[in-house]
Each structure stands twice: as C-alpha cells, then as structure tokens.
Amino acid sequence: MVLCGVHFRPGSPLAKTIHGLLTWRETGGDNRGMRNLVTSTVSTQIGRSEIVNRSMNNRCGIWGVWLAAMMLCLGSLPGVATADEREAAEEKGEATAPPLAVAPFDAAAAKAHQEAWAKHLGVEVETVNSIGIKLAFIPAGEFLMGSPDGDSDARNHEKPQHTVRITKPFYLGVTEVTQEQYEQVMGTNPSHFKGAQLPVEKVSWEDAVEYCRKLSELPAEQSTGRVYRLPTDAEWEYACRAGSRTKWSFGDTESSLGEYAWYGDTSDNKTHPVGTKKTNAWGLYDMHGNVWEWSSDWWLRYYTTTAVSDPTGPATGSYRVIRGGSWISSAGRCRSAIRSGSTPDYRFSHLGFRLAFSSVDQSGQ
Ligand SMILES: [Ca+2]
C-alpha cells in the first residue's frame, strides 16, 4: 500500500496496523466521535493514495485503536495535521488539504466541502466552459456505494454496499448535455424528442465519448487543459448521493421524487428541459430521471466486498454502465444506487449523458 507517498510492504506490521485502523473504522467502533476524528485525520493523509486491499482480519482493529490513540496523543503519524497544526499552517499561508467529504453529510456541509476543496486547489465551485456548459466542482470524499441488504427495492448488482473513496476532485455537468450543446460540437442532433434545452438522447456510448473528444479539442478548451470524459460508475453515484445514504438524494420518501425528477409518474412520456427540477446538495439537476446517463465503466455484475479507491470498473466487457433512470422509469428505477448496462452502440430516446473532467489546481496538476 502507499501512504503519504511512502510504500509499505504488504503484510508488514505497519501496513497491517494501518489496514487495521481502516477496518476498525468501517466495522464500527464503540466511540463514534473517535471514529469520525480518525476518519477525518486519516482521510486527509490518504487522500491521493491507493488502498489496495483492506479486507483484514478484524483482530487488526485493536492495532487500529492503538495507532489512533498514539496518533491523537502524540501526533506521531508522519505528516498528520492536527486541527491546531492546520490552523497554524493557514496562518502562515501554507496549504493543507481539507478533510475528505465523508458521507453522510447534509446540504450545508456539502457546500462547505465544495468551497473548502475549491479554495485549496484555487479553482471555482462552478465553472462555465466555452460553449456555455456549467459544471460543478465535486470534492474528494468517501461514501457507501450500492444498496444495503435490507433494501427490498435493490437488485443484486447493487450489492454488496461497500465503501468507496474518491480521492481526486472532479467537475461534473450541472445538467445532462442538451441538444443545443451536442449540436454545437457534433453538428447533428439525433434526439427523438426535439428541443434545444432538452437532453440529447439516442446517443450511443461511442457517440458520447466522441463528443467528449471533440469538445476537448476545441481551441478554447485546449487552452484550459480540460479533458472531458464520462464520469465513472462510482463518481456518478458519489455525485448523485451528495452525502446522502437514502434511496434518493433527498431521502426515502417516494412522493417527493416529483420535486426532483422527470420520471414515469411526472414526465407525460417525454423528456423535459434540463435544470427545471430541484438540485441535489452538490447543485446537480436530473441525476434522478429525465434521461439515463452513460458512465465510462464496463458493466460489473457484483461489487467487491472490500473498500476501494477511485474504481474504474472491469478492463473489458460487453455492456457499459448507465445510471439514474429516465422519463419512462418507475421511482424505484430512479434510485441513487440503480444501475443498468447497455452495449456501447445502443441508442434510445431515454439515454443521454453528462460531462465530467478531472480537476486541476492552479499549477495545472
Ligand atoms: Ca438523468
């Protein structure tokens, strides 16, 4: 494993201890406050690291407790910034990475995480590109991906629910790509329902990727260093949930879905102009419904049981993951955890996409 840029030999006492700390946190400690403090402190340190495998024997948990105690009492974990140290660093004008946005958190906390990370990297919370597409900054964080065993609506391929860490902040389109935005880049509009502000649909995964490539090559975009892409499966769900652990980003009450989504019960069997319902806590529209959205991942039938960082899906496959449900979907098919798969050449009037690009800081890193 890699921590703070230092490689730890798998199976070494220190690696086991750090794994134990993480496992102890995930399996639940007796003291929630202690666990949250450990989460915040350790997450700051491993924000950009690769956690290869944390399926450790739970006996390692005691070592995690021991390390946490040592860390908190002595500040002995290399590079860990305590709250006092963070404050002192800020007074000196030195940058320290903010804590990860670890779900659950509410809308106010989501906004605070966005602002803290954007400030740290010297970027904007919301940006508008050269053809008018708005994208929201999504900070680094951690969430439970998938559905719990007790959710009767959940499909097997939404399980097991597992911890995912997003170590790299990114931008995500505030809305689905519209027909106007698609035509500006591609010169065509394949949509079944016509309207400049309607989401583009009847676009294959290959079309969406080609759109990202062509948009990235526009001179005005090249000068910014942005390389557009589709969000990963995990990035999409992290962005959709926006700190929530409920069926939908706003809660578990199905009757509220109509305030947030164009779906089977509200759509009148057609798409609707993007951005006309309520946003989630990150400021994203239509993550539930309107059109399904392509992700970059190949279809993964079952999730891993262990925690992972920045998963990108299988290396190969036959189907690409699509997310969020559409104007034709039931409420259950618009849940945050819902996933489906389509062949990369599939086109239908309920399937579109939204843009992502990886955040860069002021130095272009
Ligand atoms: Ca959607």
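The figures follow:
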{"read-out": "Counted residues, segment 133-172 - those being within 30 Å of Ala220 (Cβ to Cβ), in contact with a helix residue (DSSP H, G or I) (Cβ under 7 Å, 6 or more places away or on another chain) and assigned to a loop (DSSP other than H, G, I, E, B)", "value": "4"}
{"read-out": "Filter result for the condition that a residue is surrounded by 22 or more Cβ atoms within 10 Å (Cβ to Cβ), within 16 Å of the ligand (Cβ to nearest atom) and assigned by TED's automatic domain parsing to the domain that holds Lys111, over Ser267, Ser295", "value": "Ser295"}
{"read-out": "Near pairs, Cβ below 8 angstrom, 6+ apart or cross-chain, from segment 271-293 (touching a residue at least 60 places away in the same chain (Cβ under 8 Å) and among the aromatic types (Phe, Trp, Tyr)) to any residue that is more than 10 Å from the ligand (Cβ to nearest atom) and not in a loop (DSSP other than H, G, I, E, B)", "value": "Trp282/Ala110; Trp282/Gln114; Trp282/Ala136; Trp282/Ile138; Trp282/Leu172; Trp282/Ala239; Trp292/Ser340"}
{"read-out": "The lone exception for Asn280 - which of (1) more than 13 Å from the ligand (Cβ to nearest atom); (2) under 17 Å from the mean Cα position of the chain (by Cα); (3) under 18 Å from Ser147 (Cβ atoms) it fails", "value": "(1)"}
{"read-out": "Tally, over segment 231-257, of residues that are closer than 17 Å to Lys134 by Cβ and either part of a loop (DSSP other than H, G, I, E, B) or not assigned by TED's automatic domain parsing to the domain that holds Pro148 (or both)", "value": "2"}
{"read-out": "Verdict on Leu215 being under 23 Å from the mean Cα position of the chain (by Cα), among the hydrophobic types (A, V, I, L, M, F, W, C) and within 22 Å of Thr276 (Cβ to Cβ)", "value": "no"}
{"read-out": "Segment 153-207, subset among the basic types (Lys, Arg) and within 21 Å of His272 (Cβ to Cβ), residue nearest to the chain's Cα centre (by Cα)", "value": "Lys202"}
{"read-out": "Complete set of residues in segment 338-356 that are more than 14 Å from the ligand (Cβ to nearest atom) and in a loop (DSSP other than H, G, I, E, B)", "value": "Thr343, Pro344, Asp345, Tyr346, Arg347"}
{"read-out": "Subset tally (residues that are in a helix (DSSP H, G or I) and surrounded by 15 or more Cβ atoms within 10 Å (Cβ to Cβ)) for segment 215-230", "value": "3"}
{"read-out": "Selection within segment 283-292 - small (Gly, Ala, Ser) and either within 13 Å of the ligand (Cβ to nearest atom) or surrounded by fewer than 19 Cβ atoms within 10 Å (Cβ to Cβ) (or both)", "value": "Gly289"}
{"read-out": "Answer from Tyr182, Tyr238, Tyr260 - the residue that is surrounded by 23 or more Cβ atoms within 10 Å (Cβ to Cβ) and without any contact (Cβ under 8 Å) to a residue 60 or more places away in the chain", "value": "Tyr182"}
{"read-out": "Any hit, segment 357-365, residues being modelled with pLDDT under 95, of a type in the set (Val, Ile, Thr) and more than 16 Å from the ligand (Cβ to nearest atom)", "value": "yes"}
{"read-out": "Extreme residue, surrounded by the fewest Cβ atoms within 10 Å (Cβ to Cβ), among residues of segment 316-337 that are among the small types (Gly, Ala, Ser) and either near the ligand (Cβ under 10 Å from one of its atoms) or not assigned by TED's automatic domain parsing to the domain that holds Met287 (or both)", "value": "Ser329"}
{"read-out": "The listed residue being assigned by TED's automatic domain parsing to the domain that holds Lys277 and touching a Leu at 6+ places or on another chain (Cβ under 6 Å), out of Val123, Val128, Val185", "value": "Val185"}
{"read-out": "Pairs with Cβ under 7 Å, 6+ apart, first in segment 319-338 and within 16 Å of Ser295 (Cβ to Cβ), second of a type in the set (Lys, Arg) and away from the ligand (no atom under 11 Å from the Cβ)", "value": "Val321/Arg339; Arg323/Arg339; Gly325/Arg333; Arg335/Lys247; Ser336/Arg241; Ser336/Lys247"}
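Okay, residues lined up against (1) within 20 Å of Gly243 (Cβ to Cβ); (2) in the same structural domain as Glu293 (by TED's automatic domain parsing); (3) free of Cβ contacts under 8 Å to residues at least 60 places away in the same chain; (4) within 16 Å of the ligand (Cβ to nearest atom):
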site: Ala108; (1), (2), (3), (4): yes, yes, yes, no
site: Gly132; (1), (2), (3), (4): no, yes, yes, no
site: Pro139; (1), (2), (3), (4): yes, yes, yes, no
site: Glu158; (1), (2), (3), (4): yes, yes, no, no
site: His162; (1), (2), (3), (4): yes, yes, no, no
site: Pro169; (1), (2), (3), (4): yes, yes, no, no
site: Glu176; (1), (2), (3), (4): no, yes, no, yes
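The values are calculated or read from the model by the stated rules, or taken from the named source; none is laboratory data. Here the structure is a predicted model, which means the values were calculated and not measured. With ideal geometry, Cβ positions are generated from the backbone for all residues, glycine too; neighbour counts draw on all protein chains shown.
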